[in-house]
Amino acid sequence: MIIEGRIVNRDAIHDAQIAIDDGYITAIRKQGLNGERKIEARECLIFPGFIDLHAHLREDSSHKWDYKEDFKSGTAAALHGGITTVIDMPNTPLPGISTDRLIKKKELARKEGLIDILFYGGVSESNINTIAKMQKEVVAYKIYLAETTGGLYIRDDVLPKAIAAVEATAKPLVIHCEDQRVIEKMHESLKVNLMDHSELRPEEAELSAVKNVLAAASSDTKIKIKIDIAHVSTYRTLDLIGNNFHCEVTPHHLFFTKKDVQANAFLKVNPPLRSEENRLRLLDAFKSGKIDFLVTDHAPHTKAEKAGGLSDTPAGVPNLDTYGNFVAWLIVHCGVSPMLIARACAYNPAMFLGLQDRGSIEVGKRANLSILDLNKRVKIRSERLYTKCKWSPFEGYEFPGAMRHVIYNGSVVMEDDESPI
Ligand code: DOR
Ligand code: ZN
């Protein structure tokens with residue numbers, strides 16, 4: 001197969017043809033390549049297959065949360081959004097905190113998943129001494145420092161031990177930074193507005209947790225382990241971490257604010273949405289390359305669950321289907337360079353996880369390609385989504401582009417079926 005168009009890598013953009021054979025990229029030339037099938041994408045941007053470092057696909061061998069999402073529906077939604085590798089979080093009904101459970105998850109993912117699903121191993125207080133045993137099953141580890149969906153979290157006094165245990169495996173670590181103690185204090189305080197989620201889980205909770213991570217990681221003379229601060233919600237976190245850690249941002253923290261949550265409780269997420277000024281500063285930081293990864297934090301809950309009102313509704317929004325649309329918005333409306341997208345959505349996550357076979361468009365890499373059409377305006381409509389929960393925080397919003405083709409291991413697995421508005 002030959003794909004022809006504008007190739008975007010982290011450091012260059014050029015018009016060329018890509019030859020694909022047996023699931024790999026075998027040649028890239030200005031012209032003259034021939035194949036059995038040709039896809040002309042001259043008006044489009046061809047990115048390395050997007051890699052989502054942070055998603056909750058919900059399935060495990062208990063199947064208790066399959067009603068929210070499962071490996072099949074979740075990976076269909078991922079493909080719709082241009083994602084060809086997804087890393088699944090451990091906070092399911094049977095959390096991924098042991099070898100046995102992870103093997104079962106991997107088996108289900110292999111049977112049902114439409115793309116590569118890789119796994120985080122959860123670090124809990126019960127498994128700190130045994131996490132090395134599951135290192136073969138995981139690409140990285142995940143620590144929660146506060147209670148959120150699934151209830152998998154550790155106290156900050158065991159954090160240094162937990163970080164040391166992950167460091168011994170030489171795998172990277174992602175940390176959900178909200179300080180449970182600060183959140184509990186806010187819940188006890190009489191001054192807090194219980195209907196304001198961002199007051200109940202304030203920026204201070206994130207900053208305090210990040211400080212604890214900094215202290216724990218640097219207490220060990222030199223930080224050797226790669227740490228990624230999950231879904232940064234406040235730009236003040238970026239100032240704190242400097243170059244010590246990697247960090248991620250989500251589409252919802254770059255697009256919505258706490259005012260939007262007041263109007264629509266479906267937008268309740270952990271960590272919460274913040275002020276407009278903060279959103280703009282996060283966007284600026286992303287544009288200048290200070291944020292390493294654009295992750296979905298796809299966290300599907302049903303419409304019925306989300307309709308429960310602000311205090312009862314579970315936190316989390318689905319984001320996989322619309323990832324490509326959101327990337328189009330970043331490029332067209334926010335002036336984000338396509339090369340930066342190739343970095344934050346493919347190259348950086350691949351390097352963070354040590355996946356040498358993907359993350360850029362080069363001869364010898366896996367033929368995972370995400371082709372984005374910026375000439376097609378679309379309106380997000382729930383009936384067009386592949387996520388099982390069938391709703392989107394972006395429902396009704398118009399976006400200046402959509403995925404046109406997605407190639408996974410050399411096969412066309414998604415062809416544009418969306419009519420423009
Ligand atoms: O909003 C969130 N939802 N934040 C999390 O940390 C967990 C996630 C979920 O699993 O629903
Ligand atoms: Zn998450």
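For the range 245-259, name all the residues that are within 14 Å of ligand 2 (Cβ to nearest atom) and either modelled with pLDDT under 95 or aliphatic (A, V, I, L, M) (or both).
VAL249
For the list (1) free of Cβ contacts under 8 Å to residues at least 60 places away in the same chain; (2) surrounded by fewer than 24 Cβ atoms within 10 Å (Cβ to Cβ); (3) among the polar types (S, T, N, Q), I need the number of the one condition that THR26 fails.
Tallying (1) free of Cβ contacts under 8 Å to residues at least 60 places away in the same chain; (2) surrounded by fewer than 24 Cβ atoms within 10 Å (Cβ to Cβ); (3) among the polar types (S, T, N, Q), THR26 fails exactly one: (1).
Where residues in the range 239-273 are within 16 Å of ligand 1 (Cβ to nearest atom) and among the aromatic types (Phe, Trp, Tyr), which of them is farthest from the chain's Cα centre (by Cα)?
For the range 239-273, the residue satisfying everything is PHE266.
Go through the residues of the range 110-121 one by one and say whether even a single one is of a type in the set (Lys, Arg) and under 30 Å from ASP416 (Cα atoms).
Yes; the residues of the range 110-121 include at least one that is of a type in the set (Lys, Arg) and under 30 Å from ASP416 (Cα atoms).
Are there helices (runs of 4 or more DSSP H) fully within the range 154-259 with at least 3 residues that are farther than 30 Å from PHE394 by Cα? List them. Walk me through how you get there before you give the answer.
Values: elements: 159-169, 180-188, 197-200, 203-218, 235-241, 251-255.
Result: 159-169, 180-188, 203-218.
Are any residues in the range 316-333 under 18 Å from THR257 (Cα atoms) and open to solvent by less than 10 Å² (accessible area, probe 1.4 Å), and if so, which ones?
Correct list: GLY316, VAL317, PRO318, ASN319, PHE326, LEU330.
Is it fair to say VAL336 is away from ligand 1 (no atom under 16 Å from the Cβ), open to solvent by less than 20 Å² (accessible area, probe 1.4 Å) and assigned to a loop (DSSP other than H, G, I, E, B)?
Values: away from ligand 1 (no atom under 16 Å from the Cβ): yes; open to solvent by less than 20 Å² (accessible area, probe 1.4 Å): yes; assigned to a loop (DSSP other than H, G, I, E, B): yes.
Judged against the criteria, VAL336 is a match.
If ARG343 satisfies every condition in (1) charged (D, E, K, R); (2) in contact (Cβ under 8 Å) with a residue 24 or more places away in the chain; (3) farther than 17 Å from TYR386 by Cβ; (4) not in a helix (DSSP H, G or I) but one, which is the exception?
Here ARG343 meets the rest and fails (4).
Scan the range 260-277 for residues that are under 18 Å from THR148 (Cβ atoms) and either in a loop (DSSP other than H, G, I, E, B) or within 16 Å of ligand 2 (Cβ to nearest atom) (or both) and report the count.
8
Take ILE131 and tell me if it is open to solvent by less than 60 Å² (accessible area, probe 1.4 Å), within 16 Å of ligand 1 (Cβ to nearest atom) and either over 30 Å from VAL261 (Cβ atoms) or outside any helix (DSSP H, G or I) (or both).
no
Among the residues of the range 42-93, what is the count of those that are in a strand (DSSP E or B) and open to solvent by 10 Å² or more (accessible area, probe 1.4 Å)?
The qualifying residues number 3.
How about the range 351-421: which strands (runs of 3 or more DSSP E) wholly inside it have at least 2 residues that are open to solvent by less than 30 Å² (accessible area, probe 1.4 Å) and of a type in the set (Val, Ile, Thr)?
By residue number, 402-408.
Is one or more of the residues making up the range 110-128 in a helix (DSSP H, G or I) and either at pLDDT below 95 or crowded, with 20+ Cβ neighbours inside 10 Å (or both)?
The answer is no; no qualifying residue exists.
Quick check on the range 4-11. Is at least one of its residues within 16 Å of ligand 1 (Cβ to nearest atom) and buried (at least 23 other Cβ atoms within 10 Å of the Cβ)?
Taking every residue of the range 4-11 in turn, none turns out to be within 16 Å of ligand 1 (Cβ to nearest atom) and buried (at least 23 other Cβ atoms within 10 Å of the Cβ).
Out of all the residues in the range 400-418, which are within 20 Å of THR84 (Cβ to Cβ), of a type outside the set (A, V, I, L, M) and at pLDDT 95 or above?
Residues satisfying the conditions are GLY401, ARG404, HIS405, TYR408, ASN409, GLY410, SER411.
Can we say GLY289 is out of contact with any strand residue (DSSP E or B) (no Cβ under 8 Å at 6 or more places or on another chain), farther than 23 Å from GLY335 by Cα, more than 14 Å from ligand 1 (Cβ to nearest atom) and not in a helix (DSSP H, G or I)?
Considered against the rule, which asks whether it is out of contact with any strand residue (DSSP E or B) (no Cβ under 8 Å at 6 or more places or on another chain), farther than 23 Å from GLY335 by Cα, more than 14 Å from ligand 1 (Cβ to nearest atom) and not in a helix (DSSP H, G or I), GLY289 comes out as no.
Would you check which residues across the range 339-350 are of a type outside the set (A, V, I, L, M) and open to solvent by 20 Å² or more (accessible area, probe 1.4 Å) and list them?
ARG343, TYR347, ASN348, listed by residue number.
The values are calculated or read from the model by the stated rules, or taken from the named source; none is laboratory data. Predicted, not measured: the structure shown is a model, and the values here were computed from it. Positions of Cβ are generated from backbone atoms using ideal geometry, with glycine treated the same way; all protein chains shown enter the neighbour counts. Remember, those area values only see protein heavy atoms, side chains included, never the ligands or the DNA or RNA. Shrake-Rupley method; radii C 1.70, N 1.55, O 1.52, S 1.80 Å.
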